[in-house]
Each structure stands twice: as C-alpha cells, then as structure tokens.
Amino acid sequence: MLHATKVRTTVRRRNIAALAVVTALAATAVAGCGSGTGSGSSSKKTINTWVYPVINDPKANAAYWDGLVKGFEKENPGVTVKVSTYPWANRDTALATAIAAGKGPDVAYLIPDQLSAYQRNLIPADQWMPAADKAAYRPAALKAVTVDGQALAAPVLMSSYPLLCDKKVFDAIGETAYPTTWDQLAALAPKLKAKGFYATSYSGDTTATLNMTFYPLLWQAGGDVFSADGKKAAFNSDAGVKALTWLKTFVDNGWTPKDLVTTTPQIEQTDLAKNKVACTWQNTAAEVEPFWGKDNIEVGPALGSTKSVAYGTVGTLAVFKGANDKLAGKWISYVAQPKNTAGLQTPGGYFSPRTDAAPLYPGDALQEATEKVLSSTDVGPLNKSARDVMGLLAPQIQAALLGKTTPKKALDDAAQAADQLIARKR
Amino acid sequence: MAAVAERTTRPQKKRRGPHERREARIGLLFVLPCFLLFLAFRFGPGIAGLVLGFTDYTIGDTTHFTGLQNFQRMMHDPLFWSSLRVTVVYSVLAVPFTILASLGLALLTRRAFRGSRLFRSIFFLPVVTSLILASTVFIWIFSTKGPWSDLMGLLGLPEQSWLTDSALVLPAIALVGIWSRCGYGMLILLARLQDVPRELEEAALMDGAGPFQRFRYIVAPQLKPAFFFLAVIETTNSFQIFDAIYVMTGGGPANASYSLVYQLYDAGFKYSDLGYASALGCVLFVMTVVVALVQRMVLGKEK
C-alpha cells in the first residue's frame, strides 16, 4: 500500500514536472514570437539593412551598396551600416519570421503592397523628407508610399508596365498598327489566332499578384478594388464585370494560352518567349528583350478602355521600429538622393521617382517611351486587407475564366467574402 | 483473481549493477544532444503552435488570448472545408497508390539479377530529387502541349492540360507525389522482403501454390508491419502536401488543389494571421494522430 502511494506520488511529480517543462517552453516560444516590435533604440550605432537583388549581377550589386555604405560611414563616423542581400523568393516569409523573432532589419527595401502589410512595424518616413525633397517626387511615387496620410518610406526607384508588342508577330500577320485599346486588341485577336499566335498571355495563377494581371484591366474599365473609404470591396462593380468578361472572351476563344490560367512556368518555357504572343501588359521590356530582341519591342502607352492605366511599382526604403530612427532615417535619406539611386535604377531599367534627377537613358527610345507611362501607373491598393482580398479574388477569377461560374457571380462571391474579411480586420 | 495471478507471474525486475547503471548513464548522455535538439526544434515549436492557436497573434501587434475563436471561425470558413476536402481526396488518391507502386517496385527488384542494384538506385532517385525542381518539369509534362496530353490523345481521351481541370488536377498532383515517394516505400518493403524465409515460399511452391497464393498467404502477412509503417508515414506526408501544389498550380484552378497546409502557409506568411494559421496546424495535428490511431487499429493489431 505504502509502495503504491509512493509510486502514485512519483508519477504525479513527474506529471507536474512535465507540465512545467511544457508550460515553460510554450511561454518561451510565445514570448520569443512576440518580441519583434520594440521601440527605437537611440544608442544603436549599427544599421542592419535588408535589400533584394534589384541589381541582378551579385558583384555589381555588392559594389553598388559597398560604395554607398563607405560614403555614408565617412560622413557619419562611428556608424556602421550592414547591407544584406536576400533572394526575392519568399521574402515576406523571411521578413515576417525575422520580425517575429526580434531579428528583423532596421531598414529594408519594400514595395508599396508591403508597406500596408508592415505598417504596424514601420516608423513613418515623413520626418526625413524635407518639403523640397517631397515636392521633387513624382506624384505617383509619393502616392504609392502614403498610407493614412503619412509617407511610410522613401521611394528609390519606379517601374511601369506599358503595353509591349512583339514586332516579329505583327510582321508575320502583316500589321503595322499596334493596339492601344481593348477593342483594338480584341479586333486583332482572330487574325493572330488564324496565324498561330496569341493576342496576349494572361497569367491567372493565384500566386501571381493581381496588381500586375487583373487590376490594370479593372482600373482601365474605370473600376477600383476597394471603395473610396476602403471599408468595402468594389471590384464587383459594372467595370469589374466588364473587365472579367473581356478577359474571359480571350480565354474562351483561345486568344491567350489556357495553361497560363492556372500555372506560371519559367518565362523561357512560355509562348511569350517563343515569339508566339503579340502583346503583354504583364512584363517589362527588360524581361522580354532576351527573347524578342531589343529592336522587336514596341512600347505603347498603357492599355486603355474607359481610361489608360498600367501597373507600376515603386521601390522604397523603410525604417523599422527597433532601429535607431535618427541614424536609419539619415541613411535612407542619403540613399534616396538622385545621385545615389541612379546606380540602383539603371542596371534593371528602372526609373527615378524624382523629377529633378538627371535623365538615365538619354537616346534610348525604348526606355524613354516606358518612362512616359510612369505618370499613368498605379501601384495597387494600399489597404491593409489588400493581400487577403487578392487571395479571395484570384481563385474566383480563375473559376470564371475556366467557365465554372459567370464573371458577375465570381466577383459577387469574392466581394461578399472580402467584405466580411475587411470588417474582421478593421 | 486473474489479475492477482498475473501480478504473481510477472518476472521480477532485475536490479542493475553499478557497471550497467554507468553504461545506461553513458547511453543517456549520448542521447541527450538529440533529445535537447528535439525539445528545442520539434517539441517546443509544436507546443508553441498549439498555444498560438488560441490567440490572435499577428506579427507586430499585441497578442490576446481568444479562446476557441479561431476554431469557431474555422468552422464557418468555406475555404477551410474546401482545403480539408482537397487534403483528404489527395491522401485517398496518393497513399494507396504509393504503397501499391512501392510494392510493385520492391517485388520487381527483390531478387538479385544483373543490374538489379542499378534499377533500385534509379527507382530511388526521385526520393532524393528536389520536388520543386521536378514539379517545374511536371508543369510541362501536364501542359496542353505536353507528353501527358499526347498520351491521353493516343488512348482516345481528350487532349487537355490536367492542371487546368478541377477534376483532374488532384490526380495529376497525386501522380507526382506517387512518383516522388514510391522509391522510399520500395526500400522499406525491400528490407522486409529480404527477411521472408525462402524455404516457406519453396515449400508452398512444392505444394502447388501459384504466385498470387504465395504472395497472399506467405509474403503479404510478413509485410504487414512494413505496410503499417508506410501507411502512417505516407498519410502524414500526404496531409502535409504543399510544395508540388505551390509550384504546379498555386492551389488552383479555383481552389481545386488548395490544401490545408497551403491555407496554413497563406494565413501565416501571406496574411500574417499567425493565430489562425496555428489553429489550422492544430487541426492538422489532430487529423494526423487520429488517422494514425485508426491505421494502427486496422493494420497494426498484431504488433
């Protein structure tokens, strides 16, 4: 009896000990996960900066950043800047987990859609933008970094996605006029198909950002993703239905490769790379140049229907909470100067977000034509539910394109789910 | 009474001598690093995941305990039910066929013949091949202009991309899963097959048993523990299907291949909704445990 009691006591002790270990581990893990958002540290003299291969060539990328770091450190003795270049792939996963673990960067390269996603973690960049600097930015660039009336980051580059057409394809069908509107592109499509070409190549893969694929059509039709106050989905408007119906006509008639509605192969494996696609609004000139050849790229304006709008992005540098905000702010202001950003912009064919910058591509007709489109670009909605809404909308667009549902029903179903989501997130 | 008898017949535990105790301590010392790593990188995150499932944890925001809110939300989330259905259907397709394919390959390469080692290596190759890389090749294979579509045409079936069809996308991904996993199953079954005494099969042959009877009554019963092991491993693996889907379809068309782990990934890393993602992880964990227990009841009765 005594033995049985002893055994029970031992077992109970073991259970309590095990429970304590479990609780401690859980507490440690939860505490670890929650410690990524401390307030700024004014004693910190190191600025950890995360960038991505905006400059494709690793050597050129390293040389560019090394040069800037040396210049900045010389002007600010005692300060150390560490620049780490991470791959584009899964960058949000890496950034989110690093922030959660308290190992996030002080400064990072972000695009506008990330600004709203990380808004809680950022220190607004307004304070480091003198009025003269602010006035020098292109309105589209400044709009792209402004969330709730505050500039969250300093723009360092811009890009635009005008309608690009392949001259080889147009020569093959004996056409000399390039389309600039939906109607013109649709009118050419049957002729192109008869000769074995696609009018365009629409990527409906749900991993592709709608900012680059469907939203430009929505904007061109006169619609928008969210209502003006950002509290409701607005993509199921008449404009949205018009855009999706137009796109569905292309899929149904074989005017765009059907496989691309669900998958995105490497560009080398696509019809676009094989000179089988007439026009695209989802690629830059730099992307198609290796396959089409520079001389065969015809840069048009942004495609238009009710209005002419293209997707364009703005690359920015943002300061994260936990950084020495004074130093980090000084660093991003330094990098954002036109003389310092030129080296970042030219290798990838990007443009300056400022109007006071020296011309980057004098005499380059292709780049000059692309630059003209910058004023009619949209970076996509800066709403904190933007990504979640995209996740709801993209599969519905796919369903409509594959004939599983009608464009109207697809957009209405997505809007209904989106409204619930937006309400929950507010 | 029976209990008393059992107690009295239970062998007395032999007291270990100082030498044995020392050996045991050394053994424990060897195991300790692995155990600590397991605690830190498996058990700890697992428990943290369970705890986070009951919170509204979002990166950069204050975390609150929300009780069962995430699970209630899940019950009303059509995407959760859709991704659960996709995961189950995928598992139903992939697991049995992976085991069958593994068995076929193991039986083919069981006996030593000229080149048998080469064949075993070739069959095992997909296991050590990156599924991400392989998936990019399979995108082409299953595309409208790919060889799979041509093969379907030769068989008189519609020539189409299986990845754009809601009904065919999961069989296509399951084929990739089977291709990538059957080499591992083959290895497990092959190891077990080596232990089946040849005399038993020879005696059955003398008694006039055909190949199917020999397999049914002699080989298959010996393979039961290996089948159980494979069923558990493959089910767990198929419940976690993500990489092939991520590369090949992105969950499409129209969520027809959007699995539970894909939803978990999106919730956690795309939408920063880590509380909900953790709750999805809890459900996946419970599912895996329940299925393993059921498999144990059905397949592992004797062992």
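The values are calculated or read from the model by the stated rules, or taken from the named source; none is laboratory data. Model, not experiment: these values are computed from the prediction. Quick reminder, even Gly has a Cβ in these numbers, built from the backbone with ideal geometry, and neighbours come from all protein chains shown.
Any chance the range A:269-291 includes a residue that's closer than 16 Å to A:Tyr178 by Cα, in contact (Cβ under 8 Å) with a residue 24 or more places away in the chain and among the aromatic types (Phe, Trp, Tyr)? Yes, that holds for at least one residue. Summed over the range A:244-275, the residues that are polar (S, T, N, Q), within 13 Å of chain B (Cβ to nearest Cβ) and in a loop (DSSP other than H, G, I, E, B) give a count of 6.
From A:Ala243, A:Ala234, which residue is modelled with pLDDT of 95 or more, buried (at least 23 other Cβ atoms within 10 Å of the Cβ) and on the phi < 0 side of the Ramachandran plot?
Details: A:Ala234 fails: buried (at least 23 other Cβ atoms within 10 Å of the Cβ).
On inspection, the qualifying residue turns out to be A:Ala243.
In the range B:83-98, is there at least one residue being within 14 Å of chain A (Cβ to nearest Cβ) and out of contact with any Cys (no Cβ under 6 Å at 6 or more places or on another chain)? Yes: the range B:83-98 contains one or more residues that are within 14 Å of chain A (Cβ to nearest Cβ) and out of contact with any Cys (no Cβ under 6 Å at 6 or more places or on another chain).
Regarding A:Ala140, is this residue outside any helix (DSSP H, G or I) and of a type in the set (A, V, I, L, M, F, W, C)? When the stated conditions are applied, A:Ala140 does not pass them. For the range B:94-123, filtering for residues that are surrounded by fewer than 18 Cβ atoms within 10 Å (Cβ to Cβ) and of a type outside the set (Lys, Arg) leaves 13.
Results for (1) in a helix (DSSP H, G or I); (2) over 25 Å from B:Gly268 (Cα atoms); (3) aliphatic (A, V, I, L, M), shown as yes or no for each residue.
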| position | (1), (2), (3) |
| --- | --- |
| A:Gln367 | yes, yes, no |
| A:Glu371 | yes, yes, no |
| A:Gly380 | no, no, no |
| A:Asn383 | no, no, no |
| A:Asp388 | yes, no, no |
| A:Leu393 | yes, no, yes |
| A:Lys408 | yes, yes, no |
| A:Ala418 | yes, no, yes |
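The single residue among A:Ala386, A:Ala418, A:Ala318, A:Ala400 that is crowded, with 24+ Cβ neighbours inside 10 Å, under 27 Å from A:Leu303 (Cα atoms), within 14 Å of chain B (Cβ to nearest Cβ) and not acidic (Asp, Glu) turns out to be A:Ala400.
Quick grid of which residues meet (1) aliphatic (A, V, I, L, M); (2) out of contact with any Ser or Thr (no Cβ under 6 Å at 6 or more places or on another chain):
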{"site": "B:Arg16", "(1), (2)": "no, yes"}
{"site": "B:Glu23", "(1), (2)": "no, yes"}
{"site": "B:Phe35", "(1), (2)": "no, yes"}
{"site": "B:Leu52", "(1), (2)": "yes, no"}
{"site": "B:Asp56", "(1), (2)": "no, no"}
{"site": "B:Thr63", "(1), (2)": "no, no"}
{"site": "B:Asn70", "(1), (2)": "no, yes"}
{"site": "B:Leu79", "(1), (2)": "yes, yes"}
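A search for C-beta distances below 6 Å between a residue of the range A:319-335 that is farther than 16 Å from A:Ala151 by Cα and any residue that is of a type in the set (D, E, K, R), counting only pairs 6+ apart in sequence or on different chains, returns A:Ala323/A:Asp106; A:Asn324/A:Lys44. Filtering the range B:240-260 to residues that are more than 10 Å from chain A (Cβ to nearest Cβ) and surrounded by fewer than 21 Cβ atoms within 10 Å (Cβ to Cβ) leaves B:Gln240, B:Phe242, B:Asp243.
One residue stands out among those in the range A:359-395 that are out of contact with any helix residue (DSSP H, G or I) (no Cβ under 7 Å at 6 or more places or on another chain) and among the aliphatic types (A, V, I, L, M): the one that is farthest from A:Arg138 (Cα to Cα), which is A:Ala394.
If you go through the range B:76-93 and keep only what is more than 18 Å from B:Val169 (Cα to Cα) and surrounded by 13 or more Cβ atoms within 10 Å (Cβ to Cβ), you end up with B:Asp77, B:Phe80.
Would you confirm whether any residue within the range B:36-46 is in contact (Cβ under 8 Å) with a residue 60 or more places away in the chain and part of a helix (DSSP H, G or I)? Reasoning before the result, please.
Keep residues of the range B:36-46 that are in contact (Cβ under 8 Å) with a residue 60 or more places away in the chain, which gives B:46.
Now restrict to residues that are part of a helix (DSSP H, G or I): B:46.
Yes, that holds for at least one residue.
Considered as a group, the residues in the range B:52-80 that are free of Cβ contacts under 8 Å to residues at least 24 places away in the same chain, within 13 Å of chain A (Cβ to nearest Cβ) and in a helix (DSSP H, G or I) include one that is nearest to A:Ala417 (Cα to Cα), and that residue is B:Pro78.
Summed over the range B:148-180, the residues that are over 28 Å from B:Glu234 (Cα atoms), away from every other protein chain (no Cβ under 11 Å) and in contact with a helix residue (DSSP H, G or I) (Cβ under 7 Å, 6 or more places away or on another chain) give a count of 2. Scanning the range A:334-381 for residues that are surrounded by fewer than 17 Cβ atoms within 10 Å (Cβ to Cβ) and among the hydroxyl-bearing types (Ser, Thr, Tyr) returns A:Thr346, A:Thr355, A:Tyr361, A:Ser375.
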